[in-house]
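The values are calculated or read from the model by the stated rules, or taken from the named source; none is laboratory data. This one's a predicted model, so the numbers in the text were calculated from it and none came from an experiment. Cβ placement follows ideal geometry from the backbone for every residue including glycine, while neighbour counts extend to all protein chains displayed. Surface areas here come from the heavy atoms of the whole protein model, side chains and all, with no ligands, DNA or RNA. Shrake-Rupley method; radii C 1.70, N 1.55, O 1.52, S 1.80 Å.
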Amino acid sequence: MSKTNINLISTLSEDTWFYKLHEEELKPHIGKPYLSYSTAGSYLDYTEDFIKQKLVGIDLPSTVYTRLGNFLGEAVENGFWGDNPDNFGGLENIDLDELRPEGAEYEKLVVIDFGEWIFIGFIDRYQKTEDGVEIIDFKSGAMNKKQQYLEEDYTQVMLYAHARESAGDKIKSTGVYFIERVGSHIKPPLCLSKNQEYLPLEYNKKRVKFALDKLDKAVKGISELNTTYQKYFK
């Protein structure tokens, strides 16, 4: 990471929403600015919405696509389907028992300490084996979205695996479990289809460097935006 004036949006405190669940791991970092993968992605991919939501404080409504992703993620984490006010379909196509092997952990916190600030994330499924750990992210989307998770620009599991390797884990495998989504907000309901595929992603130094460089870009950009906003609008 290159040197920059760190001025991120969030600072870790005992009131941070996830702190109490991970107090032992996070206590040494109290008072440090932090950046999550989702916030970095929001800045890099949806800068205008990032400014509205994170800087100005406008409460943007969630999309039905985001809600489907959360709905699926919570089901994998908990082992059962929760309330379904959006009437998502295709639940019979998902074998939650198959997606939840014995001994796996879900929403496992990862932390990378960069000194002045920390990166945090949550692994969808983390499993220890005799040969090392498996790190899997669950994604749903239209079939034409599958390719984006195979590209170098998708960095989520690389950062998470790097965090775990830095903590002493041997990385056995990283990948995305992709579930096709059919339907749209124009033609509801959204449904999860039978088309499901595990996409293995090679974990290597080149991909880690790309991921860290991309994260560095987000840190710089967010810090500059926040500094300007505080100077002129606070």
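Residues in the range 162-188 that are in a loop (DSSP other than H, G, I, E, B) and open to solvent by less than 60 Å² (accessible area, probe 1.4 Å) were compared, and the one that is farthest from N93 (Cα to Cα) is D169.
Sort out which residues of the range 30-50 are of a type in the set (V, I, T) and crowded, with 17+ Cβ neighbours inside 10 Å, and write them in order of number. Break it down stepwise before answering.
Narrowing the range 30-50 to residues of a type in the set (V, I, T): 30, 39, 47.
Answer for the range 30-50, where residues must be of a type in the set (V, I, T) and crowded, with 17+ Cβ neighbours inside 10 Å: just T39.
Condition test on L159, is it in a strand (DSSP E or B) and modelled with pLDDT of 95 or more? The answer is no for L159. Can you name the residue in the range 68-102 that is touching a helix residue (DSSP H, G or I) at 6+ places or on another chain (Cβ under 7 Å) and assigned to a helix (DSSP H, G or I) and is also surrounded by the fewest Cβ atoms within 10 Å (Cβ to Cβ) among such residues? Among them, the one singled out is L96.
Looking across the range 26-50 at every residue that is in a helix (DSSP H, G or I) and touching a strand residue (DSSP E or B) at 6+ places or on another chain (Cβ under 6 Å), the one that is nearest to G221 (Cα to Cα) is identified as Y37.
Starting from residues that are among the hydroxyl-bearing types (S, T, Y) and either open to solvent by less than 50 Å² (accessible area, probe 1.4 Å) or outside any helix (DSSP H, G or I) (or both), keep the ones in the range 51-67 and report whichever is modelled with the highest pLDDT.
T63
If you scan the range 109-167, which residues turn out to be in contact with a helix residue (DSSP H, G or I) (Cβ under 7 Å, 6 or more places away or on another chain), among the aromatic types (F, W, Y) and closer than 30 Å to K194 by Cα? Answer for the range 109-167, where residues must be in contact with a helix residue (DSSP H, G or I) (Cβ under 7 Å, 6 or more places away or on another chain), among the aromatic types (F, W, Y) and closer than 30 Å to K194 by Cα: F138, Y154.
Residues in the range 146-161 that are in contact (Cβ under 8 Å) with a residue 12 or more places away in the chain and open to solvent by 30 Å² or more (accessible area, probe 1.4 Å): K146, L150, E152, D153.
Among the residues making up the range 106-145, those that are modelled with pLDDT of 95 or more, of a type in the set (K, R) and within 29 Å of L190 (Cα to Cα) are K108, R125, K139.
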